[in-house]
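Working notes for the structure below.
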Amino acid sequence: MKILSSLVAATLLASPILHAAPAPDPTVDEVAVIETSKGQLVLEFWPDVAPKTVANFKKLAGAGFYDGTAFHRILANFMAQGGDPLTKDLSQEARWGTGGPGYQIPAEFNDRSHERGVVSMARSANPDSAGSQFFLMLGTASHLDGKYTGFGKVIQGEETLAKIAATPVIVSPSGEPSKPTERVEIKSVKIVPRSSVQ
């Protein structure tokens, strides 16, 4: 399975204008608290290796962009992909995996390994095509290293990660066994000081 075809990218479709969110303060050590229908995840960021990607994720989260989206693609022991605004609309299911924020960001490939718990940006064959879609690693996939922008890692919520990984799936229209049979919703993503979750 070719990874470029299997990691459906965040592309190209315009979405509603986002409400302005406060600019993140780079001096504050912040984490993302992701509330899902399977439980909570806490994600730390790697601004030292992917500063633009981290800033983009924080901006989108602060604007409520991810609230109500879903993990539309789950491959046990590999990854769960989410962040597509089209997943808010069941009538758009045929287009899930193609939505984004209406712009693209440059790749920030780095030396961090794609191991369980890492969060990385989905993209198309064009390295600079990421937008809002991301994937959570459910296993180790070293063949992604240096080819996708890892920008953080789950530091709390291993049980939730396991529940996401265990979600039953069926074959998707592309022939991949990755379509969840139940909705795994991202209820909210909040950016908070790390000290508030310890």
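Would you call Ser132 modelled with pLDDT of 95 or more, within 14 Å of the chain's Cα centre (by Cα), buried (at least 17 other Cβ atoms within 10 Å of the Cβ) and outside any loop (DSSP other than H, G, I, E, B)? Criteria not met by Ser132.
Within region 44-58, can one find any residue that is within 19 Å of Val192 (Cβ to Cβ) and among the basic types (Lys, Arg)? Checked against the condition, which is being within 19 Å of Val192 (Cβ to Cβ) and among the basic types (Lys, Arg), region 44-58 yields at least one hit. Among the numbered conditions (1) at negative phi; (2) over 16 Å from the mean Cα position of the chain (by Cα), the only one that Gly146 does not meet is (1). Could you go through region 156-167 and let me know if any residue there is under 27 Å from Ala94 (Cα atoms), surrounded by fewer than 18 Cβ atoms within 10 Å (Cβ to Cβ), free of Cβ contacts under 8 Å to residues at least 24 places away in the same chain and not hydrophobic (A, V, I, L, M, F, W, C). No: zero hits. Looking at Leu161, is it part of a helix (DSSP H, G or I) and of a type in the set (A, V, I, L, M)? The answer is yes for Leu161. Checking each residue in region 161-183 for being touching a Gly at 6+ places or on another chain (Cβ under 8 Å) and under 24 Å from Gly62 (Cβ atoms) picks out only Leu161.
Scanning region 109-129 for residues that are over 20 Å from Pro180 (Cβ atoms) and under 15 Å from the mean Cα position of the chain (by Cα), we see that the one that is surrounded by the most Cβ atoms within 10 Å (Cβ to Cβ) is Met121. Within region 96-129, being out of contact with any Asp or Glu (no Cβ under 8 Å at 6 or more places or on another chain) and assigned to a strand (DSSP E or B) holds for Val118, Val119, Ser120, Met121. Of the residues making up region 58-91, those that are surrounded by fewer than 15 Cβ atoms within 10 Å (Cβ to Cβ) and of a type in the set (S, T, N, Q) are Asn77, Ser91. When the residues of region 135-155 are filtered to those that are of a type outside the set (A, V, I, L, M, F, W, C) and under 15 Å from Gln81 (Cβ atoms), which remaining residue is surrounded by the fewest Cβ atoms within 10 Å (Cβ to Cβ)? Checking each candidate, the answer is Gly139.
Checking Thr140, Thr167 one by one, the residue that is over 19 Å from Pro47 (Cβ atoms), in a loop (DSSP other than H, G, I, E, B) and touching a His at 6+ places or on another chain (Cβ under 8 Å) is Thr140 and no other. Name the residue that is farthest from Val171 (Cα to Cα), counting only residues in region 58-106 that are among the polar types (S, T, N, Q) and touching a helix residue (DSSP H, G or I) at 6+ places or on another chain (Cβ under 6 Å). My answer is Thr69.
Evaluate the following for Glu182: is it among the charged types (D, E, K, R), closer than 21 Å to Val118 by Cα and surrounded by fewer than 13 Cβ atoms within 10 Å (Cβ to Cβ)? For Glu182, the condition - among the charged types (D, E, K, R), closer than 21 Å to Val118 by Cα and surrounded by fewer than 13 Cβ atoms within 10 Å (Cβ to Cβ) - is not met.
The values are calculated or read from the model by the stated rules, or taken from the named source; none is laboratory data. Since this is a predicted model, take the numbers as computed values, not measurements. Positions of Cβ are backbone-derived with ideal geometry, glycine not excepted, and every protein chain shown enters the neighbour counts.
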